[in-house]
1. Provide the descending list of Cα extents for segment 59-158 along its principal axes, expressed in whole angstroms.
2. Can you compute the label reach from residue 191? Point 7 Å from Cα along the Cβ direction, backbone N cut-off under 18 Å, restricted to segment 143-162.
3. For a quick check: with amide H placed at 1.01 Å from N, whose amide H comes under 5 Å from residue 49's, ignoring anything fewer than 5 positions away on the same chain?
4. Of 123, 149, 136, which is farthest along the charge dipole of segment 90-166 in the positive direction, counting Lys and Arg as +1 and Asp and Glu as -1 at C-beta?
5. Need one value: the accessible area of residue 137 in square angstrom, 1.4 angstrom probe, rounded to the nearest 10.
6. Amide H to amide H under 5 Å from residue 59: which residues, 5+ apart in sequence or cross-chain, H placed 1.01 Å off N in plane?
7. How do 70-81, 97-108, 145-156 rank on mean C-beta neighbours within 10 Å, highest first?
8. Apply 1/(1 + (r/R0)^6) to the Cβ-Cβ distance of residue 76 and residue 220, taking R0 = 45 Å, and write down the FRET efficiency to the nearest 0.05.
Amino acid sequence: MNSPLGRRLRALPFAAALLMTASPLVAQTPPAAPTVELSADASRRAPNDLASAGAFHEASGTDTAALARDANAVIAKALETARAYPDVSTRTSAVSTFPVYGKDGRNIEAWRLRSELHLESRNIAALSELLSKLQGSLAISNLVLQPAPDTRDATSDLAVTDAIRAFEARAASVSATLGKTYRIRSLAINYGGSRQPIFPPMRAMAMAADAAPMPIESGETDVGVSVSGTIELLDK
């Protein structure tokens, strides 16, 4: 049987033998190792070494040109005062004009103009002194204290180390309880946010009206990090 059909028939027993010998190999594939998902958190305290504040002039009237001239004069004087404090970054941030409606809610009776400055510094004492001087002509809209970016990054790195160690301790505890060893399959790090202390606007405006010195206590902020991942449980 040297025909093509004969050659195919002779090959059938060999192919069947291959299938019979291959099937035990598939059956012997070890099962996947069990996995456990874990997470751990850690935080470190970072000094609030960066302060920012808003200062504004606001007035109402029927003559918008006069309102603009007065606002420009007040802001120009404030910027001149700020030039004596090179450690404080000062810039104009916004100028807004709003209509003031009468009792009928339809007719415009006047205009309100608001001109704002933004101040920021790592020299908190200098910023505090400048704000005290500006309170005679400007109101303080808010004051925020927080870690500077490099301070936050350095603190986050320390918190990451703590979180990873806590993750490893938790993984070791789980695997030991189950009589296993473990290896890490995946790991994710989440750099969480933080809460900054804020002086509320109403309090700051009242201080501005009194033109009193503005003491600032910088304090600290919690910088948090979380670590999550999956471990494989292995036989000892």
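1. 60, 30, 17 Å, listed from the longest principal axis down.
2. Residues passing the 18 Å test: 146-162.
3. 146, 148
4. Value computed over the given set: 136.
5. Roughly 60 Å² of residue 137 is accessible to a 1.4 Å probe.
6. Here the answer is 113, since their amide H atoms fall under 5 Å of that of residue 59.
7. Details: 70-81: 15.2, 97-108: 9.7, 145-156: 17.5.
Output ranking for 70-81, 97-108, 145-156: 145-156, 70-81, 97-108.
8. Values: r = 37 Å, r/R0 = 0.83.
Plugging the Cβ-Cβ distance into 1/(1 + (r/R0)^6) gives 0.75.
The values are calculated or read from the model by the stated rules, or taken from the named source; none is laboratory data. Fair warning: this is a prediction, and the values are worked out from it, not measured in the lab. Ideal geometry is used to build each Cβ from the backbone, glycine not excepted, and the neighbour counts take in all protein chains shown. Heads up: the accessible areas ignore ligands, DNA and RNA and are worked out on the full protein's heavy atoms, side chains in. Shrake-Rupley method; radii C 1.70, N 1.55, O 1.52, S 1.80 Å.
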